[in-house]
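To start, the structure itself, in structure tokens.
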Amino acid sequence: MRMAAGLIFASAVSLLATSAAWSQTPPAKGAAPAAAKGAAAPAAQAAPAAAPAPAPAPTQPARAACNNPNALGVGRTVEIDTTGGPGFGFEHFKDLDFLRDKEVVLTFDDGPWPGNTPSVLKTLAEECTTGIFFPIGKHATYYPEILKQVYAAGHTIGSHTWSHAALVNKKLSEQQRKDEIELGFSAVKWALAGQSPAPFFRFPALQHPPEMVTYLGTRNIAIFSCDLDSFDFKASKPQTVIDTVMRKVDKLGKGIILMHDFQKHTAEALPELLKKLKAGGYKVVAMRAKSPVQTVPQYDEDLLKQAKLPTVSSRPVSSVVQTISE
Ligand SMILES: [Zn+2]
């Protein structure tokens, strides 16, 4: 979304109340039992049995088979080598003109969010099609189960910073800008129970500070601007979203479309919009990353530390508060 003020984050603490959500641990950590590390450990524990080999990272599920003969579907799938941080979307990056005439890429920012994101997923499933999701890190920590649904449905997931901070803001230090980027990816990885997302990044408000564009290049993370903005966050009704996208795509003939699964009007507009794209002869292109993002371990740990803070009490409300008279 372009107006950061429109995002009202609930306090982290209040949203971290469900300890079960925070108990998930990335699967690759095979720490030895504490007793085996201590010098005073009993002999019987000094040589623990060999740890089982770590399970291979499960691959993302494929999209479900399509049962709708009239669905929009997926025209083709492209794999992106993100080495050096290529930029996509003609609003800012004009080097990589890979879409053919009548091809579109659907992109959804600012989720995951209750109601709207599941609605978008339902529509994409009905139309047997797909998109790229750019979640906000904080939102991913609020609603990891919704982001897991996005992943399980076979869609591509990137990142959109930790807190949707405008990275062109001069008040932010270079380190703070990097923190926004890195913690965002670590948060998405945490929400996906240790599955790394694609190295696909979108700057909040499509504002691209040059030094961060360079930084993403060194991190081999692709940058996504767009070819056409739905301006769905400004729309007063779903029909406006449909009309704006169709007018712009018909003019350009193709493009990466920027929308928000965070927005109710977008979720409501999507069924009709996808039907109109199909009727207009458009085909959806799925974009996959050749390799997942390599998160920075320090940020993964920082995220876990933040996550653990509110877990002092993990008891459900019903076991803490009981009505004894009314
Ligand atoms: Zn946004």
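The relative contact order of segment 153-311 comes to 26 percent, based on Cα pairs under 8 Å that sit 6 or more residues apart. A cut-off of 5 Å between modelled amide H atoms, ignoring neighbours fewer than 5 places along the same chain, links F224 with F88, F201, R202, F203.
Close amide H partners of T77, meaning residues 5 or more places away or on another chain with modelled amide H under 5 Å apart, are A286. In this structure, the amide hydrogen of M259, modeled 1.01 Å from its nitrogen in the peptide plane, lies closer than 5 angstrom to those of T107, F108, D109, counting only residues at least 5 positions away or on a different chain.
Classify segment 171-326 as rounded, prolate or oblate from the Cα gyration tensor: take a ≥ b ≥ c as the square roots of its eigenvalues, call it rounded if a/c is under 1.5, otherwise prolate when a/b beats b/c and oblate if not. Taking the square roots of the gyration eigenvalues as a ≥ b ≥ c, segment 171-326 is oblate.
Taking a straight line from the alpha carbon of K237, these aspartates and glutamates sit under 20 Å away, with near neighbours fewer than eight places off in the same chain left out: D109, D110, D229, D261, E268, E272.
Label segment 52-137 by shape, choosing from rounded, prolate and oblate, from the square roots a ≥ b ≥ c of the eigenvalues of the Cα gyration tensor; if a/c is under 1.5 it is rounded, and otherwise prolate applies when a/b is larger than b/c, oblate when it is not.
Judged from the Cα gyration tensor, segment 52-137 comes out rounded (a/c under 1.5).
In the structure shown, the pairs K254/K276; K138/K170; K248/K275; K138/K283; K248/K283 are assessed against 24 Å; a Cα-Cα span above that value is assigned to K138/K283.
For R288, R177, the sequence from fewest to most other C-beta atoms within 10 Å is R288, R177.
Read-outs: derived from the displayed coordinates by stated rules, not from any lab. As the structure is a computational prediction, the values presented were derived from the model and not from experiment. Neighbour counts run over all protein chains shown; Cβ positions are idealised from the backbone, glycine included.
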